[in-house]
Every structure is written in structure tokens, then in C-alpha cells.
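The values are calculated or read from the model by the stated rules, or taken from the named source; none is laboratory data. Quick caveat: nothing in here was measured; it's all calculated off a predicted structure. We place every Cβ from the backbone using ideal geometry, glycine too, and count neighbours over all the protein chains shown. Just so you know, the surface numbers come from the protein's heavy atoms only, side chains and all, with ligands and any DNA or RNA stripped out. Shrake-Rupley method; radii C 1.70, N 1.55, O 1.52, S 1.80 Å.
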Amino acid sequence: MPRFVIPLLAVVLAAVPASATTHSPTPTIAFASKRDGHWEIQLTSLDGVQRTRLTTRAEQARFPLWSPDGTKIAFGVQTSATWELWVMNADGSDAKRIADSIVAKAHRQWTSDGSRIVLERMRNGHHVLFVAHADGSGLTALADSRTDDRDAILSPDGSRIAFTSSRDGRPSIWLMGADGSAPARLTIGAGEDMSPTWSPDGATIAFVSTRDGGHDVYRVRADGSALERLTVGADATRDLSQWSPDGRSLAIQTAHGGNYDVELVRVADHARTALAASAAYDGQFAWSPDGRSIAFISGRDGLDALYVADASGAGVRRITSEPALNPAWKP
């Protein structure tokens, strides 16, 4: 199985001036910033010049998530007792609490019409999948197996949800209807299967598995056929892998020797490219909508700042001069 790793090209530590890049300078990325002393949601342009603070809370606010039309942002708020899910307009106005007891670092996703959010909460000591109305009007359990259901992700057409469940004794990948109906196990095998993610065309699902001893990335057709191993020795974490918008590559989180990096896996030939790899932490990545760039968090300069790189790994540029987390591109 072919495998090669291409090192990152030269790193530009200062923000690139608007005149030196073809990217738009308008605010494009929502992220959690610690510029003002504690975590708040901000927007930034790709040159780092235009900044907008959206939240002004006593509690920390993190994990921004854009609605499909870019008019709203869901985000997590940490209170003394729990993490809560809130939704606000993209200018920071009209913030509403949607749910409490959410799993802060779990995957969340808007439905394609922007009316609801699929999320993960703790209930009776278990991870349970829910759907919440974005206007705060309702919260419904999608699946409560009395074990752990995690990692819910909607299919591109919105009709199904892939998720990780331990209801058969070990974590494996399951599918169910978007309303929680007809849950069925998709993957069968030794080891643990986790963190599913749909290809853009909805034909296949990539996931992380220990079935062959290590933590590697596999894919399987949505009918359970054509299982394919995409990496060998990747040391992939259970963080959600992300398909490129064109479906040709997967961005994955790796942890070689405990050092977190971001790699790209080309699906056609399984070739791996080190997109963001340094002696410090590199992770929390997000593809731009056009697939040309990836935002990520790196500690390479002594603090976890926001960076952007071209999808080739070239043109790495630092965007923030303060600690940052959880980047999310505006659609």
C-alpha cells in the first residue's frame, strides 16, 4: 500500500498582508479567542486584520458552528454546572439557549435547512443523541440505547445519521433515519470502530478503527460493503476526520508518540501528506468551503494560535497573536 509523507513548506509566522494573498480579507472564520482574557467567539479575516467579537460573556464560549446559510452560529457555553448549547445571529445578536448538559467536544451539526441541530448530551451517565430546534422550542432524543451513542453525523441528503454506538458491547458504526428510526449496525469486526464521517456524495463512510491492531482510517459503502483500509500506522485519533469538498482526500488527526499533527489521506491511492506537523500541537482543523485551504490550531510558536494553510501544505500563515481554538469557516 503506497504511503509517503511530504513535509510542510516554509512557515510564515506573521500574518500575510492582504496584497500578498488572493484570499478575501473579509471576516471568514469563526473561532474561540482568548484575546480579552477568557474564551469568546470572534470572527477574523484571513489576513487577521478585521476582527469582530460576537460574545461578551462571564462564562467561556467555544465551539462555534455556522448554520448552512451563514446567518447564525451555534456555540457552547460553560457554566458552573454544565456545558450549554446556544444559538445567535451571525452578528452576535439575539442569543438563545438551546440545550444544557451537552458533551462539549462532541460533534454537532445543523440540518440542511438550518432549522435544527443534531447534538450529544449526557443523560443518566450515558452519551445520548438529540435533535434541538434552533429557535429553542424543543429538544428530542433520537436514540437512547441505555449505552453510549456518539459522533452523530447527517448524510449529505439529510435522510440518515451515522453514529458510533456501544449497544452491541463494543463501539461500532451504526446508521438510523434522521428522525432516529430503524437503527442498524453498519460495521462488524474485531476492535473498535468510531467517528464516522460521510463522503460528500453520500456513498461511503470513513471511520477510525482498531480492528487491525492500530488506530487507522477505513471506509465502507453505506450499505456495509466494500470495506477498505485507507491508512497503515497512522495513529489516528478519534477526532472526526473531514472529507475535502471534492471527496478526493480526508484530513485526519494523528498522534505519533503523543504529538498531534494533521495529515491528508488521498483516497485514490492512500498517499499521506503531512499538512500541519511540528514538534508542538497541530489540530482542530477545518476545510474552507472551496477546498483550497485548511484552518488549524498550532502551538508551534509557544501558544495555540490560529493558522491557515493551502490544501497542498504550502503557504502556512499565522492569523492570531493570542490563544485560539475551534476554527469554523463561514459557508
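Points to keep in mind about this one:
- Only a single item in (1) in a loop (DSSP other than H, G, I, E, B); (2) within 15 Å of the chain's Cα centre (by Cα) is not met by residue 283, and it is number (1).
- Where residue 103 falls short, out of the listed (1) open to solvent by less than 20 Å² (accessible area, probe 1.4 Å); (2) over 22 Å from residue 28 (Cα atoms); (3) within 19 Å of the chain's Cα centre (by Cα): (1)
- Among the candidates 94, 168, 157, the residue that is closer than 20 Å to residue 204 by Cα and charged (D, E, K, R) is uniquely 157.
- Looking only at the range 203-218, residues that are open to solvent by less than 20 Å² (accessible area, probe 1.4 Å) and of a type in the set (Gly, Ala, Ser) come to 2 in all.
- Set 221, 238: member being basic (Lys, Arg) and either open to solvent by less than 20 Å² (accessible area, probe 1.4 Å) or at pLDDT 95 or above (or both): 221
- A search for C-beta distances below 6 Å between a residue of the range 255-280 that is under 19 Å from residue 295 (Cα atoms) and among the charged types (D, E, K, R) and any residue that is modelled with pLDDT under 95 and surrounded by fewer than 20 Cβ atoms within 10 Å (Cβ to Cβ), counting only pairs 6+ apart in sequence or on different chains, returns 263/274; 272/3; 272/5.
- Residue 55 vs. criteria open to solvent by 60 Å² or more (accessible area, probe 1.4 Å) and in contact (Cβ under 8 Å) with a residue 12 or more places away in the chain: no
- Check on residue 76, in contact (Cβ under 8 Å) with a residue 60 or more places away in the chain, open to solvent by less than 50 Å² (accessible area, probe 1.4 Å) and either under 17 Å from the mean Cα position of the chain (by Cα) or within 25 Å of residue 323 (Cα to Cα) (or both): no
- Filter pass, residue 83 being open to solvent by 30 Å² or more (accessible area, probe 1.4 Å), at pLDDT 95 or above and touching a strand residue (DSSP E or B) at 6+ places or on another chain (Cβ under 7 Å): yes
- Within the range 177-194, residues that are over 12 Å from residue 210 (Cα atoms) and without any contact (Cβ under 8 Å) to a residue 40 or more places away in the chain sit with their Cβ atoms under 7 Å from residues that are in a strand (DSSP E or B) and among the basic types (Lys, Arg), at 6+ positions apart or across chains, in these pairs: 177/160.
- Of the residues making up the range 283-291, not a single one is over 25 Å from residue 40 (Cβ atoms) and in contact with a Lys or Arg (Cβ under 8 Å, 6 or more places away or on another chain).
- Every residue from the range 171-191 that is at negative phi and over 20 Å from the mean Cα position of the chain (by Cα): 176, 177, 179, 181, 183, 184, 185, 186, 187, 188, 190
- Residue 240 fulfils the conditions (1) part of a strand (DSSP E or B); (2) within 14 Å of the chain's Cα centre (by Cα) except for a single criterion, (1).
- Residue check, residue 206 touching a strand residue (DSSP E or B) at 6+ places or on another chain (Cβ under 7 Å) and assigned to a loop (DSSP other than H, G, I, E, B): no
- When the residues of the range 133-176 are filtered to those that are of a type in the set (A, V, I, L, M) and free of Cβ contacts under 8 Å to residues at least 40 places away in the same chain, the one that is surrounded by the fewest Cβ atoms within 10 Å (Cβ to Cβ) is 141.
- Selection from the range 179-202 of residues that are surrounded by fewer than 22 Cβ atoms within 10 Å (Cβ to Cβ) and among the charged types (D, E, K, R): 179, 185, 192, 201
- Within the range 209-236, the set of residues being among the polar types (S, T, N, Q) and outside any loop (DSSP other than H, G, I, E, B) comprises just one member, 209.
- Remark: pairs (first residue in the range 98-126, touching a residue at least 24 places away in the same chain (Cβ under 8 Å); second residue surrounded by fewer than 17 Cβ atoms within 10 Å (Cβ to Cβ) and of a type in the set (Asp, Glu); Cβ separation under 8 Å; 6+ apart in sequence or on different chains) = 114/69.
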